[in-house]
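In what follows, a structure is listed as structure tokens, so that the remarks can point back to it.
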Amino acid sequence: MDISDLKLYNQKKTMENVNLLMFKRIAGTKGEIKALNYIQKELNKENIENNIESFKWAKTIKNLARATTIFVVSTSILYEALILSNIFWIMIILDLVFIVIIYILFINLSSVTPLILIGKKKSSKNIIAKIKAVDKKPKQPLIIFSAHYDSISSIYPYNSKKYFNLIVSIIGFPYIITTLLFSAWSLLIHFFDFFNNDLYATLLDKSIDFSYVSFIFLMISFIIILFNRERSESLGSIDNASGVSILIELAKILNTNPLKQIDIIFLWCGAEEWGLWGSKQFCARHFNELNEEYDLDKSYNINIDMVGTRIGLVNKTGIIKKKSSNEKLINILEASAKRLKIPLKIYNLAIEPRSDHISFRSFAKIANKQMETCC
């Protein structure tokens, strides 16, 4: 099949899908279920085989992020009080608690399998459709198209929250390391007089001065992050009814015109806005079967998110050295866009946007496969 010979873009129906999905779709609510039912109804009209998988999720990342912010601010308040009370060594215990919180947060951000549910447990669903290749052979490549169908809005813009979190990280982590160092030092003073010297006193005074400055910035970030409330006003047309609609129409085209030797999986993910829960659950459940059935070294995940802001692809990411994890896929998509005369911009970013392709990349890494992903 030559993809350029097909009528790929049914503008009227695509926009109709978006308009019909423009309602509140907060994960775990009736709105999300309504969106799920709409997707399934559209697939059933075309006799596209599909199934729904339920999973549990919680606001783990948000709760841990808030706990981290509260902890950093609280320790900055206690800092001088503990010094004056000559019980500064207690900071060791507090810092170790903080390290555990950060570790759990990191695991939930980076792991394919969501190990810990912190907070009220809620339910959501993924809907999965599979279109088989014309010629079925062992270990064929696979393409997974993904898009989340839940929506969310908050008081503060995404970029603002990102910068506030960055402030907490830049100030908070050095602050915790400093307090841990002086806590250990003060503990040694109780046993060895050698450590009670002028250097310790000088550095301790400087750290107290730093605590005053950091406290101001931390309190501002604390107020913004802690009291940020999610709202249900967003109708989510761009994020991500647009991506959902494109996948629906693409599934219809490929159901009529299946690829010759490549299976296609369409995945509409739930609860993406709360930590990529849908894609993580999909990867956790189907890891072994996909690895056994397909050649993942030649497979791809193409994640569709926020169509309408720009037509572009994330290529390289990194703060110091930017790396690409999808060089082959980017080249293929660039060539296709050029052939179809679609303007396409490639982005190199310091911080990669969090979307469901990250789950598939982690999945590929665990499988020790070269499966490429893009968003």
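The values are calculated or read from the model by the stated rules, or taken from the named source; none is laboratory data. Bear in mind the structure is a predicted one, so any value in this text is a computation, not a measurement. A quick note on method: Cβ atoms are made from the backbone with ideal geometry, for glycine too, and the neighbour counts reach across all protein chains shown.
Can you name every residue in the range 110-150 that is at pLDDT below 90 and polar (S, T, N, Q)?
Residues satisfying the conditions are SER110, SER111, THR113.
Is it true that some residue in the range 202-215 is modelled with pLDDT under 70, of a type in the set (Gly, Ala, Ser) and within 21 Å of the chain's Cα centre (by Cα)?
Of all residues in the range 202-215, those modelled with pLDDT under 70 come to 203-215.
From what's left, of a type in the set (Gly, Ala, Ser): 207, 211, 214.
Filter once more, so that each one left must be within 21 Å of the chain's Cα centre (by Cα): none.
Looking for residues that are modelled with pLDDT under 70, of a type in the set (Gly, Ala, Ser) and within 21 Å of the chain's Cα centre (by Cα), one finds none in the range 202-215, hence no.
Would a scan of the range 273-295 turn up a residue that is more than 30 Å from LYS120 (Cα to Cα) and touching a Pro at 6+ places or on another chain (Cβ under 6 Å)?
Yes, the range 273-295 has at least one match.
Suppose the filter is among the β-branched types (Val, Ile, Thr), at pLDDT 80 or above, buried (at least 17 other Cβ atoms within 10 Å of the Cβ) and assigned to a helix (DSSP H, G or I); does ILE332 pass it?
So ILE332 does not fit the description; no.
Could you tell me which of the residues ILE304, ILE320, ILE332 is of a type in the set (Val, Ile, Thr) and under 25 Å from LYS59 (Cα atoms)?
ILE304 is the lone residue from the list that is of a type in the set (Val, Ile, Thr) and under 25 Å from LYS59 (Cα atoms).
Looking at the range 41-55, which of its residues are touching a strand residue (DSSP E or B) at 6+ places or on another chain (Cβ under 8 Å) and surrounded by 14 or more Cβ atoms within 10 Å (Cβ to Cβ)?
At the first step, the residues of the range 41-55 found to be touching a strand residue (DSSP E or B) at 6+ places or on another chain (Cβ under 8 Å) are 43-44, 48-55.
Result: LEU43, ILE48, ASN50, ILE52, GLU53, PHE55.
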